[in-house]
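Taken together, the values in this text are just the output of simple stated rules run on the coordinates, not laboratory data. Keep in mind that this is a model prediction, so the values were computed, not measured. A quick note on method: Cβ atoms are made from the backbone with ideal geometry, for glycine too, and the neighbour counts reach across all protein chains shown.
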Amino acid sequence: MHASSRAAMEESRASLLEHTAGARSRTRGDALLTLADELYAVAHVLDGQPSLRRALSDASVRPEDRAGLARRLLSTQVGADTLAVVETVARQRWSRPLDLVEAMETLAIEAALDAADSRGELDSVEDELFRFSRIVSADADLARILGNRSAPREGKTALLDRLLAGKVSPVTERLVRNALTSSHVHNAENEVERLSTAAARRRGQSVAHVVSAVPLTAVQEQRLTATLERLYGRTMGLQVQVDPDVLGGLVIRVDDEVIDGSIAHRLEQAGRRLAG
């Protein structure tokens, strides 16, 4: 997002916070889940109707008039909290109309994670998202289908329902379904991993993605966590993937930084030196 859209996003987040703040409880979590569903629904409408998102982001129209348009269109379709958030979004100055879709999706994700927190499910949602990203990574056909932007949304939804319904938290189900049926998804594994990282950050943690040739013991995970926390100076959570192709050692990714201490990497480097 450009500067104006980033500022608009912060104002929109502030509006969302007004409607998500409150005591932790399962009832509150259910209300937040409804809010997330409705924000996702608005995002889908804006994604499919370019003329509407242009109208709601037209800088030549007064902010209150844009908010009024949103109110007329949605007042009977969504709840009061959702409508208030959408009106705030419509009042902002956006760099491009498509940023409205991204903003609605981002707000929906944040509302869903708030719901998980209120329901006491944030830890399990993070774990379920990570595990599903590994499932997608291990199945090339599944990754291809879910990452195909031109595939019908209905078909993807049906496939995801078969894979997830009744097997994961309702929050996880909604996050994955909406992320992977978006028309601008590029890589299914990365999209789900991004959601898992967002859940970890909501818990106040950074995430270290670790690839090991063999499963790590609990003691090894504790030592690695402590080492990374000293190195990066912040609380760290591990997401460990077992991949025999690394042969030995570890590949660790934190944000955009990769520490490749695998035997496979060292062998590759040695081969390059010999070839040179």
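With N as its number of residues, the chain has a Cα radius of gyration that, divided by 2.2 N^0.38 Å, comes to 1.13.
Evaluate the charge dipole of the chain about its Cα centre and quote only its size in Debye, nearest 20, assuming +1 on the Cβ of each Lys and Arg and -1 on the Cβ of each Asp and Glu. Walk me through the intermediate numbers first.
Numbers: 36 positive and 40 negative charges, 58 e Å.
The dipole magnitude comes to about 280 debye.
Toward the positive end of the charge dipole of the chain, with +1 on the Cβ of Lys and Arg and -1 on the Cβ of Asp and Glu, the farthest Cα among 4, 133, 90 is that of 4. In this calculation the C-beta distance from residue 223 to residue 167 is compared with R0 = 41 Å, giving a FRET efficiency of 0.80. Projecting the Cα positions of 29, 100, 78 onto the charge dipole of the range 1-117 (unit charges on Cβ atoms of Lys, Arg, Asp and Glu, taken about the Cα centre) puts 100 furthest along the positive direction. Two tests apply to each whole DSSP H helix in the chain, Cα reach of 20 Å or more along its axis and mean Kyte-Doolittle hydropathy of at least 0.0, and the ones passing both are 26-48, 98-118, 122-138.
Evaluate E = 1/(1 + (r/R0)^6) for residue 59 and residue 230, where r is the Cβ-Cβ distance and R0 equals 41 Å; express this FRET efficiency to the nearest 0.05. Please list the in-between numbers first.
Values: r = 49 Å, r/R0 = 1.18.
Computed FRET efficiency for residue 59 and residue 230: 0.25.
Within the listed set 62, 201, 174, the Gaussian network model of the chain (springs between alpha-carbon atoms below 10 Å) gives the highest mean-square fluctuation for 62.
Rank by packing, highest mean first: peptides 146-158, 229-241, with packing defined as the count of other Cβ atoms within 10 Å averaged across residues. Please list the in-between numbers first.
Working: 146-158: 13.6, 229-241: 15.3.
So the order, starting with the most tightly packed, is 229-241, 146-158.
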